[in-house]
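Chemist: Structure incoming, see below.
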Amino acid sequence: MKQPVQSRQRILDRIRAATPTAAKDASQLADSYAALPRAYIRRGSLSAQARVELMIQRLREYDAEVVECTSAELADAITTQLAASGRHLFVAPSGTPNEWLVTSAWKITGLEWTIDHGLPIDEHEIEKAEGVVTAATCGIADSGTIVLHHSATEGRRVLTLLPDYYLCILRSSQIVETLPEYFSRCQQPPALHPSDKDLSLGTPSLATYISGPSATADIEMTRIKGVHGPRILVVIVVRDN
Amino acid sequence: MTHAGSARVSLDPQFAPSFPQAALIMLRNPQLRKNVAHAIDVIQAKRGKLVVEKTDWQELRSAASAIRFHVLDNLGAYLEQFESRCIAAGGHVHWASDAAQARQIILDLLRQANASEVIKIKTMTSAEIQLNPFLQAAGVSVYETDLAEIILQLGDEDPSHIVVPALHINRSQVREIFARTMGLKNLSDDPKELTNAARTYLRQKFLTVPTAISGANFLIAETGTVAVVESEGNGRMCLTLPRTLISLVGIEKVLPRFQDLEVMLQLLARSAVGERMNPYTSLWSGVTPGDGPQNFHVVLLDNGRSSILAKTKERQTLKCIRCAACMNTCPVYRQTGGHAYGSVYPGPIGAILTPQLMQLKHAQTLPYASSLCGACYEVCPVKINIPEVLLELRAQVVNQERRQAGRFFDLMYLGLRVANLIFATAWGFHAAQRMGRIGSRFFTRKDGWIHSLPSIGAKWTQTRDLRGLPKQTFHQWWAERVKGEK
């Protein structure tokens with residue numbers, strides 16, 4: 001095998017030779033980027049009410065179950081959903097508000113919670129859980145997409161992946177109409193690492209966009225719900241605006 | 001064995017038969033044609049509805065095309081930016097000039113991680129460099145995790161589509177493969193039950209195999225982010241559970257900024273599977289303590305891409321985001337399926353990508369595997385003018401061919417040189433028309449069509465009829481009309 005360093009240089013040399021019109025410096029590159037046409041729709045036109053309704057409609061089209069409640073009714077709504085799920089072993093991320101953690105005192109018996117504070121809880125422990133409850137970062141109504149940036153209330157990535165049942169709490173103030181509106185809300189993209197000095201701290205380095213439960217259409221294009229991710233997705237939309 | 005094609009065609013362009021030969025084998029397989037047509041009808045119907053709903057579809061296409069051209073124009077700068085951000089975030093970046101180097105880099109990384117097993121997310125790039133057979137020969141067990149890829153791997157089948165690679169296999173064929181290889185005698189052919197069988201089969205692999213290989217849909221230069229778009233969740237499993245992750249990515253896959261995903265993601269799922277958004281999109285940069293693989297490598301693959309970049313008309317080939325809309329709409333692909341293209345990249349995009357990636361001499365017939373109807377260009381979300389590139393490649397094939405020894409007196413090239421002389425002057429052209437009308441009388445039947453021609457002309461008439469020449473040329477008709485008016 002040739003030295004990797006050499007192939008890096010060789011590939012870059014070939015690219016440079018192939019692109020004589022490339023920008024000469026960073027500012028020229030930025031100007032050329034800024035001049036790109038972007039005539040597509042960036043801002044939605046729906047009222048706040050219609051936006052939430054569209055989000056709910058799209059989620060239901062993906063076979064997700066959706067219920068609505070006010071902020072005051074949230075704890076009750078969570079209890080009702082968990083009781084209806086018929087499951088008992090749940091996990092939740094470390095930042096989950098206490099009032100979400102429904103206990104046996106709340107109408108359901110035999111409910112067990114594991115709070116994920118990272119290690120020593122490993123994947124096998126999460127795998128044992130029958131369900132997971134988390135918050136979300138954003139909802140995109142146009143495509144019915146739930147955005148997770150994996151903060152302390154959303155949990156690490158496997159948490160919302162291994163359990164078969166996923167209850168997601170989405171506030172109506174987090175819902176935008178279009179995908180570009182979500183990206184413009186991401187002033188600091190979920191991709192920056194704390195060790196990267198010229199970029200701001202505290203921005204998440206991970207993101208997952210979820211549009212309905214896990215699905216496949218690989219066999220005769222027949223859509224099957226639930227391959228490897230959660231088979232059941234329930235969303236509680238909390239009216240807070 | 002259940003090969004959906006009764007005869008197998010190599011997908012290595014070095015060994016594959018020519019497109020017409022391979023197509024003939026596929027056309028004689030009615031089951032395969034039925035399976036392909038069914039799958040394509042479903043995708044096309046879904047895509048059609050969702051594209052109409054998107055009122056800014058053309059504006060999104062224009063933006064996507066411009067972004068991708070801008071990236072290609074400045075590829076060096078963006079790749080270096082991606083590399084430095086990825087490393088700053090704790091990732092490692094490797095550069096591979098060709099397939100052999102990429103395979104060796106990946107094997108070395110697996111050896112460093114003491115990996116005897118590896119789980120994989122569907123990646124066309126790994127199929128391009130024929131990674132699986134190489135790793136298996138080196139003693140590494142490879143487990144595909146995408147449902148379609150499991151079907152192919154367990155059934156010892158080849159992919160025939162870049163998004164739904166097993167679309168040529170129907171449910172009863174899948175049942176047979178799973179029943180035989182998983183030892184499930186009582187399995188039914190219900191897609192739900194088959195999917196569950198795959199879920200159970202893979203669950204332990206996800207939880208125990210500590211090394212994964214993925215491709216990537218996009219790289220973000222600004223942030224060093226890698227993006228993987230998928231449906232089943234097998235991707236998320238491979239991206240989060242293992243300790244070591246290796247992502248093999250073509251150098252053209254980079255986007256300038258995080259925000260550019262707002263264009264690409266709106267186009268990709270609608271074009272690929274007819275969904276508003278695919279179920280799961282994963283974005284990560286480098287490593288994140290406490291979440292996912294802590295040992296992360298990106299292998300950037302050139303393998304012929306930089307030479308495509310150097311050519312003006314062909315460069316647009318690299319704008320491709322691998323959505324497969326072109327093959328879903330192609331009247332040729334619909335009839336032949338993917339294997340006829342003799343490459344892991346089938347359909348119209350394959351017809352232009354394969355000859356360029358694998359050297360033209362291995363794919364002489366692919367640029368002709370098209371009627372040039374233009375449907376592929378019309379649906380392409382990044383506006384690749386595939387017919388334009390096909391014509392350019394055809395010109396290259398002809399130029400190469402006519403320079404070969406002994407071709408100078410080839411009937412076709414001789415004829416073309418004579419035609420060149422005749423059509424260069426108006427009187428020559430008119431004389432040829434007169435001669436042609438006289439000559440064609442011998443072959444034109446009563447219905448006004450020529451059904452068979454002798455000699456070299458038979459090459460045309462053996463597959464199609466030719467309309468006989470009209471009694472008058474347009475020029476003659478026009479001259480008479482003007483005379484009559486006076």
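Just so it is clear, none of the values below were taken in a lab; they were calculated from the coordinates. As the structure is a computational prediction, the values presented were derived from the model and not from experiment. Ideal geometry is used to build each Cβ from the backbone, glycine not excepted, and the neighbour counts take in all protein chains shown.
Chemist: Take the Cβ-Cβ distance between A:LEU46 and B:GLU176 as r, set R0 to 45 Å, and report the resulting FRET efficiency rounded to the nearest 0.05.
Modeler: Values: r = 50 Å, r/R0 = 1.10.
Taking R0 as 45 Å, the efficiency between A:LEU46 and B:GLU176 is 0.35.
Chemist: Sticking with this structure for a sec: How large is the translational diffusion coefficient of the stretch B:225-378 in µm² per second when you combine the Kirkwood radius over alpha carbon pairs with Stokes-Einstein at 25 °C and 0.890 mPa s?
Modeler: Answer, rounded: 141 µm²/s.
Chemist: How high is the FRET efficiency between B:TRP478 and B:ALA419 when r is their beta carbon distance and R₀ equals 22 Å, given to the nearest 0.05? Before the final figure, lay out each step's value.
Modeler: Details: r = 24 Å, r/R0 = 1.10.
Efficiency computed from Cβ-Cβ geometry: 0.35.
Chemist: Need one number: the % of Cα-Cα pairs in the protein assembly as shown sitting beyond the 32 Å mark.
Modeler: Values: 148590 of 263901 pairs.
When all Cα pairs of the protein assembly as shown are counted, 56 percent exceed 32 Å.
Chemist: Ordered by residue, what ³J(HN,Hα) values in Hz, to whole numbers, does the stretch B:436-444 give under the Karplus form 6.51 cos²θ - 1.76 cosθ + 1.60, where θ = phi - 60° and Gly and Pro are x?
Modeler: x, 5, 5, x, 6, 4, 5, 10, 6
Chemist: On to the next question. Which distance in nm do the two modelled labels at B:ALA100 and B:ARG8 give, with both placed 7 Å along the Cα-to-Cβ direction?
Modeler: For B:ALA100 paired with B:ARG8, the spin-label model returns 2.5 nm.
Chemist: When the scattering of the stretch B:53-306 is computed by the Debye formula from its Cα atoms alone, each counted once and equally, what is log10 I(q)/I(0) at q = 0.09, 0.11, 0.17 Å⁻¹?
Modeler: For the requested q values the scattering log ratios are -0.41, -0.61, -1.39.
Chemist: Could you list which residues have their amide H under 5 Å from that of B:GLU232, counting only those 5 or more apart in sequence or on another chain, with H placed in the peptide plane?
Modeler: Those lying under 5 Å, H to H, from B:GLU232 are A:ALA215.
Chemist: Just to check I understand the Karplus step: with θ = phi - 60° and J = 6.51 cos²θ - 1.76 cosθ + 1.60, what whole-Hz values come out for the stretch B:206-216, glycine and proline as x?
Modeler: Going residue by residue, I get 4, 7, 10, 7, x, 9, 9, 10, 10, x, 7 Hz, with x marking Gly and Pro.
Chemist: Still on this structure: For a quick check: with amide H placed at 1.01 Å from N, whose amide H comes under 5 Å from B:VAL254's, ignoring anything fewer than 5 positions away on the same chain?
Modeler: For B:VAL254, whose amide H was placed from the backbone, the distant partners under 5 Å are B:LEU219.
Chemist: Can you give the translational diffusion coefficient of the stretch B:39-98 in µm²/s, computed by Stokes-Einstein from the Kirkwood radius over Cα pairs at 10 °C and 1.306 mPa s?
Modeler: Values: Rh = 15.0 Å.
Translational D for this selection: 106 µm²/s.
Chemist: Give me the inter-chain shielding for A:146-153: mean count of other chain Cβ atoms within 10 Å, whole number please.
Modeler: Values: counts 0, 1, 0, 1, 4, 0, 0, 0.
Mean shielding count: 1.
Chemist: So if the hydrodynamic radius of the stretch B:217-306 is defined as the Kirkwood radius over C-alpha pairs, what does Stokes-Einstein give as its diffusion coefficient at 4 °C and 1.567 mPa s, in µm² per second?
Modeler: On the way: Rh = 14.0 Å.
It diffuses with D of about 93 µm²/s by this estimate.
Chemist: Under 5 Å between amide H atoms, partner at least 5 residues away or on a different chain: which partners does B:GLU117 have, H built in plane at 1.01 Å?
Modeler: Residues meeting the amide H criterion: B:SER141.
Chemist: Using the 10 angstrom Cβ neighbour count as an exposure proxy, how do A:TYR165, B:TYR201 rank, fewest first? Mind dumping the intermediate values first?
Modeler: Details: A:TYR165 20, B:TYR201 17.
Result, fewest neighbours first: B:TYR201, A:TYR165.
Chemist: Dividing the convex hull volume of the alpha carbon atoms of the stretch B:159-262 by its residue count, what do you get in Å³ per residue? Each step should come with its number before you reach the end.
Modeler: Values: hull volume 13.3 nm³, N = 104.
Looking at the stretch B:159-262, the number lands at 128 Å³ per residue.
Chemist: Next up: What number, rounded to the nearest 500 deg cm²/dmol, is the helix-based mean residue ellipticity at 222 nm of the protein assembly as shown, given -39500 (n - 2.57) per DSSP H run of at least four residues and division by all its residues? Walk me through the numbers before you get to the answer.
Modeler: Details: 28 runs with 304 residues, N = 727.
The helix contribution divided over the protein assembly as shown gives -12500 deg cm²/dmol.
Chemist: Is the stretch B:411-485 best put as rounded, prolate or oblate by its Cα gyration tensor, with a ≥ b ≥ c the root eigenvalues, rounded for a/c under 1.5, and otherwise prolate when a/b is larger than b/c, oblate when not?
Modeler: Values: a/c = 3.07, a/b = 1.31, b/c = 2.35.
Since a/c reaches 1.5 but b/c is at least a/b, the shape of the stretch B:411-485 is classed as oblate.
Chemist: Sort all Cα-Cα distances of the stretch B:361-478 into consecutive 5 angstrom bins from zero, then give the percent of pairs in each bin up to the one containing the longest distance.
Modeler: 2, 9, 12, 14, 17, 16, 15, 10, 4, 1
Chemist: Also: For q values of 0.16, 0.21, 0.22, 0.31 Å⁻¹, compute log₁₀ I(q)/I(0) with the Debye formula on a Cα-only model of the stretch A:27-79, without solvent.
Modeler: -0.70, -0.90, -0.95, -1.10
Chemist: Next question. Quick check for you: which residues of the stretch B:373-391 have the amide N under 17 Å from the point 7 Å beyond the Cα of B:GLN335 toward its beta carbon?
Modeler: B:373-376
Chemist: In the stretch A:48-239, what percentage of the DSSP-assigned beta bridges are antiparallel, given to the nearest 5? Don't skip to the answer; put the middle values down first.
Modeler: Details: 8 of 35 bridges.
Percentage antiparallel, nearest 5: 25.
Chemist: Rg (Å, one decimal) plus Dmax (Å, integer) for the alpha carbons of chain A?
Modeler: For chain A, the Cα radius of gyration and maximum Cα-Cα distance read 22.0, 71 Å.
Chemist: Can you figure out the FRET efficiency of B:ARG111 with B:THR463, using R₀ = 45 Å and their beta-carbon distance, to the nearest 0.05? Before the final figure, lay out the partial values.
Modeler: Details: r = 53 Å, r/R0 = 1.19.
So the FRET efficiency works out to roughly 0.25.
Chemist: Let me ask something else. On a full-extension model of 0.36 nm per residue, what is the gain between B:LYS471 and B:ARG243, subtracting their alpha-carbon distance, rounded to one decimal in nm? Please report the intermediate quantities before stating the final value.
Modeler: Numbers: separation 228, 0.36 × 228 = 82.08 nm, distance 7.78 nm.
Value of the extension gain: 74.3 nm.
Chemist: Roughly how many nanometres apart are two label points built 7 Å out from the Cα toward the Cβ at B:GLU53 and A:GLU53?
Modeler: Taking the simple label geometry, B:GLU53 and A:GLU53 are separated by 1.7 nm.
Chemist: Does a label point 7 Å from the Cα of A:GLN28, set along Cα-to-beta-carbon, have any residues of the stretch B:56-80 with amide nitrogen under 15 Å, and which are they?
Modeler: The answer is B:73-78, whose backbone nitrogens lie closer than 15 Å to the label point.
Chemist: For chain B, what log10 I(q)/I(0) values come out of the Debye formula at q = 0.07, 0.08, 0.12 1/Å, with one point per alpha carbon and no solvent?
Modeler: -0.44, -0.56, -1.11
Chemist: For labels at A:ASP63 and B:SER307 in the simple 7 Å Cα→Cβ model, what's the distance in nm?
Modeler: 4.7
Chemist: Shifting gears a bit: Might you list the cysteines of chain B that have no disulfide-compatible partner by the rule of another cysteine's Cβ under 4.7 Å?
Modeler: If one checks each Cβ against the other cysteines of chain B, B:CYS86, B:CYS238, B:CYS320, B:CYS323, B:CYS330, B:CYS373, B:CYS380 turn up with nothing under 4.7 Å.
Chemist: Per residue of the stretch A:207-222, in order, report the coupling 6.51 cos²θ - 1.76 cosθ + 1.60 (Karplus, θ = phi - 60°) as ³J(HN,Hα) in whole Hz, putting x for Gly and Pro.
Modeler: The phi angles translate into 8, 10, 9, 10, 10, x, x, 3, 8, 9, 9, 6, 9, 6, 6, 8 Hz.
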